[in-house]
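Here, each number is a calculation from the coordinates, and none is a lab measurement. Note that the coordinates shown come from a computational prediction; the quantities given were computed from them, not determined experimentally. Note that each Cβ is placed from the backbone with ideal geometry, even for glycine, and that neighbours are counted across all protein chains shown.
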Amino acid sequence: MSAAAQTAPALTAVAALRQRVRDGKAALLDGFVAGRPNASAAAALLRALARHVDASLAALWRHAGMPADAALVAVGGYGRGELFPASDVDVLILLPGDSVDGNGHRAAVEQFVTTCWDIGLEIGSSVRTVADCVAEAQRDQTVQTALLESRLVCGERRLFRQFQRATDAAMDPQAFLRAKTLEMRQRHVKYEGTPYALEPNCKESPGGLRDLQVVIWVARAAGLGRTWRQLAAKGLVTPFEARQLHKQAGLLKLIRARLHVVAGRREDRLVFDLQTAVAESFGLQATKGQRSSEVLMHRYYWAAKAVSQLNQILLLNIEERIMGSEAAPMRPINARFLDRGGMLEVARDDLYQDNPHAILETFLVYQQTPGLQGLSARTLRALYNARNLMDAGFRRDGLNRELFMDILRQPKGQTHAFRQMNATSVLGRYLWVFRRIVGRMQHDLFHVYTVDQHILMVMRNVRRFFIPEHAHEYAFCSQLAAGFDPPWVLYVAALFHDVAKGRGGDHSELGAREVRRFCREHGIPRTDAQLIEFLVRHHLTMSRIAQKEDLSDAEVIGRFASLVGSERRLTALYLLTVADIRGTGPKVWNAWKGKLLEDLYRLTLRALGGAKPNLDAEIETRKQEARQKLALLSALPGTEEPLWKTLEVSYFARHDAGDIAWHARSLWRHIRTEVPIVRARPSTVGDGLQVLVYCPDRPDLFARICGYFDSAGFGIQDAKIHTTRAGYALDTFQVVSNRLDSDDAGGYRALISLVETQAAQALASTGALPEPGRGRVSRRVRSFPVVPRVTLAPDERAQRWLLTVTASDRTGLLYAIARVLAKNHINLQLAKVTTLGERVEDTFLVDGPALQQPKAQLRIETELLDAVGAGA
């Protein structure tokens, strides 16, 4: 028979097997998708997929003519007998003898592996002898972990048992525990160190499936058990904990399986693009206050939080068992608590059942006792099992209220105490209003934490203002905090400022009502209670005014001063505002926002001190300071006069002495220029550049400037627009770029030269303004777009108009807005560009004849909405 004739039946058999693999998997997935989305269905699917692959591999093993003395071993997740829809199939081809190369099986092995891929099985394969497995496991903990979860698929059983005995004998439980613990810590850091990431990896993130697997691995390595039931039999978990572990593992497996099916690939991240589809696959529906994706993520976060708690309890328990530290000496702290090697230990397991007041006392003792690093496994377990004790009566108990206030009033330790209280569910059980926001997402495109995590981050930021070691971070805040008393007032305000998120309505107003009740129930003095309520109600006000209103307007400052009423309130609101903005995410706070807030604080403080606005005196002071700066720069006397003669009072009101001197020195020879003059310098506030533009004014000037900055990759943070008496535009911009490195002086000089040349050329153009591009938006914006909003309202004196634009951020957005303003001959006087993560809130002070006509105003608003929504 010819070789071709022999090959044909083999190819037919492979094709049939390929079809069987594909059809069998499709049938299992179709049944899963059509069935009820519960943990039992997910568990059944994972087992069925593993069995389906088992059968396919066994058939292929026989078809490939693999040697009778070899074995095919499932390892890793597949070795557990579970296979997710898009997971790899990890196998070990175990060969007899001492050398893979010396047993003559290489050709058969290569054919087997190749055919696996041919039929659609994406296997991860290794070929080893028993000796190879032992040696590799001792070198690499990852290999040792994979081999720990091994299962015979087909082949020689005696060889497999030899392999198991050898790898078990080579296991060092202590070394393995140490390696897995370090590996877990590194993994947690990689995945943001929190279960509450907005796009968590349901396998690898803290609180994910991997955290459960680590517990089983270290227990199995020490011979303590392979299942939750076996661990319970050894006293490492209670029956209640075993049920919780089974429940949370089931939910996480269900989410991961659905995620694979929806994505159609291996995707373990609950990315924004997929959250809604996964939620809908669960049958979840949007409610008035939450998207369906938010309902799903709320469930996920609660499961991840429980897994994190149980992972910590069990690993500490197993560590004590493996390391033999259960009998470690303990130092009594009081009748209820002990210091066990730096961990806070309850004196007995039933402490909280006998004395529920000891629950909150745990965290007070943790704060007050030097040297404590955390809570022991016994304490964590006791708290976990005492959750049902924290009922309405517990919350109303007078002694518990005193203990809670004692925790807030301690001189230190609030950050760690409240994080532990939240991690152990005590905070949400005691403050029921807080429980409602645990794990609640914030799809506002600038918060990167869930509400509870954001609140604790703000509390941490406030606490740091009072710690001398952190004074270098925000020196002005630390200076103010040093004179503020008592600090706990700010901690309470931080704890409640966002506690009413997600209810619908104004969360600031609702939060103020909640904190008023808290203050009344906890006996907080009236003056302090009124301040706390004020802070919660107005925690967004100072940021809004600083970033959206004209701080050179005495009436703006006067109204804000009337609102705060006192220096104490002003200082408290400033500190809370800085802490709040810093706590939204790493990219939201910047030095420019810091300057705006500090300027507002100082101007308001002066107004509160009784200093009536005296604009003439203020401007004269600034002029004198500017002359002094010019003299220090060796400028000739009178350098400033040619420019200053052309300027209105509003120019001097809006610029500080440093800017005024810089403008005069840059422009004194160019007062009547016909070509655009552009000058740039490193920003005096944070990173970025200050750019000065001076040229004959024209209606489309601001749009052309925006177009240049957009094309050059700069983002505008602030713009101050002036027109001189001679008809020249004198505009100053604060811009940032990712091309700027604050430590690279040479890079700054090159970029400044480039900006000065290119911007001048762009502004000299007289052609029509180009159409704005559609602009690219991020994945997050595509998943959770901001509904564009445009408001146009007259100012207090009905002389100018305040234009506010809110939209999803994208490249070219400001140019699109500016182009509409230029088309309608709208004059721009001031622009404040606020970027909050991936949402922009831009404010413009404008005037123009068209704004006095209702029809024209409506047309302009419509055009602006079309422009800002074009890229969505």
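A few comments on the model shown:
- As a calculated quantity, the FRET efficiency between R62 and N590 at R0 = 51 Å, using C-beta atoms, amounts to about 0.20.
- Sites E625 and R513 - FRET efficiency at Förster radius 41 Å, r taken between beta-carbons, to 0.05: 0.30
- The chain - percent relative contact order, Cα under 8 Å, separation 6 or more: 7
- Compared with the alpha-carbon gap, the fully stretched path from R409 to R165 is longer by 82.0 nm at 0.36 nm per residue.
- Spin-label zone in segment 53-92 - amide nitrogen under 12 Å from a point set 7 Å from the Cα of R226 along the C-beta vector: 79-81
- Contour minus Cα-Cα distance for R681 and D485 (0.36 nm per residue): 66.4 nm
- Gain on full stretching of the segment that runs from R20 to D118 - 0.36 nm per residue minus C-alpha separation: 34.0 nm
- For segment 116-261, the relative contact order works out to 16 percent when only alpha carbon pairs closer than 8 Å and six or more residues apart are counted.
- Burial order of peptide ranges 496-503, 652-659 (average beta-carbon count within 10 Å, highest first): 496-503, 652-659
- In this structure, D69 and D30 have a Cβ-Cβ separation that, at R0 = 41 Å, corresponds to a calculated FRET efficiency of about 0.55.
- Computed from the alpha carbon atoms alone, the convex hull of the chain holds 220 Å³ per residue.
- Calculated [θ] (222 nm, deg cm²/dmol) that DSSP helices of n ≥ 4 give over the chain, each run adding -39,500 (n - 2.57): -17000 deg cm²/dmol
- By average C-beta atoms within 10 angstrom, highest first, the peptides 22-30, 372-380, 557-565: 372-380, 557-565, 22-30
- Cα→Cβ-extended label distance, 7 Å offset, between A617 and R47, nm: 8.5
- Ranked by the mean number of other Cβ atoms within 10 Å per residue, highest first, peptides 592-604, 614-626 order as 592-604, 614-626.
- Residues in segment 348-386 reached by a label modelled at R396 [backbone nitrogen below 19 Å; 7 Å Cα→Cβ]: 356-357
- Distance (nanometres) between label positions extended 7 Å along Cα→Cβ at R158 and H825: 10.1
- Each label was represented as a point 7 Å from its Cα along the Cα-to-Cβ direction; for D273 and Q373 these points are 4.3 nm apart.
- Relative contact order of segment 474-587: 29 percent, from C-alpha pairs under 8 Å at least 6 residues apart in sequence.
- Cα Rg, Dmax, segment 17-93, angstrom units: 13.6, 44
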